[in-house]
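Here's the structure, in structure tokens; my notes come after.
Read the figures in this text as sums done on the coordinates, not as results from a lab. Predicted model, so just to flag it, every value in this text is computed and none were measured. Because the Cβ atoms are built from the backbone with ideal geometry, glycine has one as well, and the counts that use them run over all protein chains shown.
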Amino acid sequence: MYKAVVIGGSAGSFQVITRILSSLPKNFPLPVLLSLHRLKHVRSGFVEALSIKSTIPIVEPYDKETIKPGKGYLAPANYHMYIELNKRIALSAEEPVNHSRPSIDLTFETAAQAYRNKLVGIILSGANRDGAYGLKKLKQTGGLAIVQDPNECQVKTMTEASLKLTTVDHIFTTDQIIKFLQKIK
Amino acid sequence: MNKYELGIVDTRNIIKTLQDVYNYDFKNYALTFFKRRVEKTIINHNLKDADGFIRKIELEKEFFEVFLQEICVENTEAFRDPSLWRLLKEEIFPQTIKGSTSFKIWFPEVSSGDELFSAAIVLKKLNLLDKVQLIASSISELDIEKTKQGIFDPKKTEVNDANFKRVFSDENLPDFYKIDGDKARWDTSLIENTKFIKQNIIFDDYPKGIKLVLFRNQMIYYNQILQERFIKIIYSSLVPGGHFIIGNNEKIDYWNSEKDFSLINKDESIYKKKLS
């Protein structure tokens, strides 16, 4: 019933993301859209590091690339990553939002418009409020909102800001997030 | 958070108004991007909603110019992707310009001018600036004026300086700009021979005989139809063997495009027009 998963976090949530990506079934049926805060002048290394353990292929997409199931799309350094209504990636070098480019809010907001109630959104540990507004939009358009349990996060700002703004569907530990994703058919 | 959300019908009405009143066709801009620029304009100018925007744009030509500047997104910084600028400095500029007569470099959408000044500074340091003709066009008259005056946002200086150090190790960018209150200004002698062209949106009057086109991170704001149209224009503007550089996550990818261009550097998205 779901068509896509969108995940937001900061470089600090790298280990959690690696655990999630290494636990997905090889034939995971949905695309995974990753908007993660990262150093803007370091272009290479991140997608390679995520790919080592991931069971699904991870790419930094080209502009207007068609989104395919069973593939991970990581927002490239120094670009925002939008989801167009026709399910293609659109990159943008517009001004930072919440001091961030990529901005998690913008990926979540545009993914929510494209996938409506067929979208799962997950906010992980992070050091600023980016993502909270995007998760709210996702919830408003009928998506399923999940936030990582702040007790498990090294930095709680992002998850707590999200919980403050939105009544989410689940507050999950990393293990629970993994179990939930593994059940998606 | 201060937010206004534009519906799909409102977006279409705005595109129709811009077409009817100014004969500018935005329907092939990327939709999420176009919506966001209009929303931003509505908030910044306290216009309340789409109707407010439409009324103002119909009445005020000056406001239309302000909107065009909003659509021409600022470059993020000077010397974005220092690895490309190092390659231009060490290989492409010296190898292609020396010995060439009338070397023209075209910036199809100059927007805030960061790419133009970056190129001019590298050329100046290579003693090649007087051997090239820089051509900068924009659909925004306001951006052209701002670029001619060398004005840029002083908030960018930190990242500009850091990028510059990655291109020219140990040297200082500040020799090329001045901070003046809340404004920063490039040394405009760098662009005293640059030719500026105000383009209309269909670019029907584009320069010819170009040897290098720098058009990074601008076509990402178009849909595939408009991207293809621009690439065809750039193909016609370039001499055979001319270089075409786009953003590092952009791609030339239309039917049969490999007969027009070859990709000569994948990491920096550098293409070369085929010899036909």
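Distances between placed amide hydrogens fall under 5 Å for A:GLU94 paired with A:HIS80, all partners being 5 or more residues away or on another chain. Neighbour counts of other Cβ atoms within 10 Å put A:LYS137, B:LYS98 in the fewest-to-most order B:LYS98, A:LYS137. Over all alpha-carbon pairs in segment A:4-183, figure out the percentage whose distance exceeds 24 Å. Summing the P(r) tail past 24 Å for segment A:4-183 gives 26 percent. The mean count of C-beta atoms from other chains within 10 Å of the C-beta of residues in A:87-93, rounded to a whole number, is 6. The value of relative contact order for segment B:82-273, using C-alpha pairs under 8 Å at least six residues apart, is 21 percent. About its Cα centre, the protein assembly as shown has a charge dipole of approximately 1380 debye under the convention of +1 per Lys or Arg Cβ and -1 per Asp or Glu Cβ, with nothing else charged. Counting every pair of alpha carbons in segment B:27-162, the share spaced more than 19 Å apart comes to 60 percent.
When the Cα positions of B:LEU212, B:ILE139, B:SER189 are compared along the charge dipole of segment B:119-246, B:LEU212 comes out farthest toward the positive end, with charges on each C-beta of Lys, Arg, Asp and Glu. To the nearest 500 deg cm²/dmol, what mean residue ellipticity at 222 nm is calculated for the protein assembly as shown from DSSP H runs of n ≥ 4 alone, each contributing -39,500 (n - 2.57), summed and divided by the residues? Helix-only estimate at 222 nm: -10500 deg cm²/dmol. Its relative contact order, with pairs defined as Cα atoms under 8 Å and 6+ residues apart, puts segment B:8-71 at 32 percent. Within the same chain, aspartates and glutamates fewer than 8 places from B:LYS195 are excluded, and of the rest, those with a Cα less than 19 Å from its Cα are B:GLU109, B:ASP114, B:GLU115, B:ASP130, B:GLU141, B:ASP143, B:GLU145, B:ASP187, B:ASP204, B:ASP205.
Shape of segment B:8-71 from the C-alpha gyration tensor: rounded (a/c under 1.5, with a ≥ b ≥ c the square roots of its eigenvalues). Under 5 Å between amide hydrogens, built in the peptide plane, is the criterion, and for A:LEU119 it picks out A:LYS3, A:LEU144 among residues at least 5 positions away or on other chains. Global dimensions of the protein assembly as shown from alpha-carbon coordinates: Rg and Dmax equal 22.7, 67 Å.
Taking the Cα centre of chain B as origin and assigning +1 to Lys and Arg Cβ atoms and -1 to Asp and Glu Cβ atoms, the resulting dipole is close to 680 debye.
Taking 8 Å as the Cα distance limit and 6 or more residues as the minimum spacing, I'd like the relative contact order of chain A as a percentage. Taking the mean separation of contacting Cα pairs over the length of chain A, I get 22 percent. Bridging of B:LYS16 to lysines at a Cα separation below 21 Å is possible for B:LYS27, B:LYS35, B:LYS40, B:LYS48, B:LYS56, B:LYS61, once same-chain residues fewer than 8 apart are set aside. Spatial offset of segment A:53-71 relative to segment B:50-73 amounts to 37 Å, using the alpha carbon center of each.
Relative protection proxy for B:73-82, B:188-197, from highest mean packing down: B:73-82, B:188-197 (other beta-carbon atoms within 10 angstrom). Using a cut-off of 20 Å between Cα atoms, the listed pairs A:LYS26/A:LYS137; B:LYS104/B:LYS178; A:LYS3/A:LYS137; B:LYS98/B:LYS211; B:LYS89/B:LYS211; B:LYS146/B:LYS183 include A:LYS26/A:LYS137; B:LYS104/B:LYS178 as exceeding that distance. Given axes a ≥ b ≥ c from the Cα gyration tensor, I'd like to know whether chain B is rounded (a/c under 1.5), prolate (a/b larger than b/c) or oblate. Because a/c hits 1.5 or more and a/b fails to exceed b/c, chain B counts as oblate. Only bridges whose two residues both fall in the protein assembly as shown count here: according to DSSP, what percent of them are antiparallel, nearest 5? Roughly 35 percent of the DSSP beta bridges within the protein assembly as shown come out antiparallel. Based on the alpha-carbon gyration tensor of segment A:21-92 and its eigenvalue square roots a ≥ b ≥ c, which shape applies: rounded if a/c is under 1.5, prolate if not and a/b is larger than b/c, or oblate? It is oblate, given that a/c is not under 1.5 and a/b is not larger than b/c. Dipole magnitude for segment A:4-183: computed about the Cα centre from +1 point charges on Lys and Arg Cβ and -1 point charges on Asp and Glu Cβ, it is near 380 debye.
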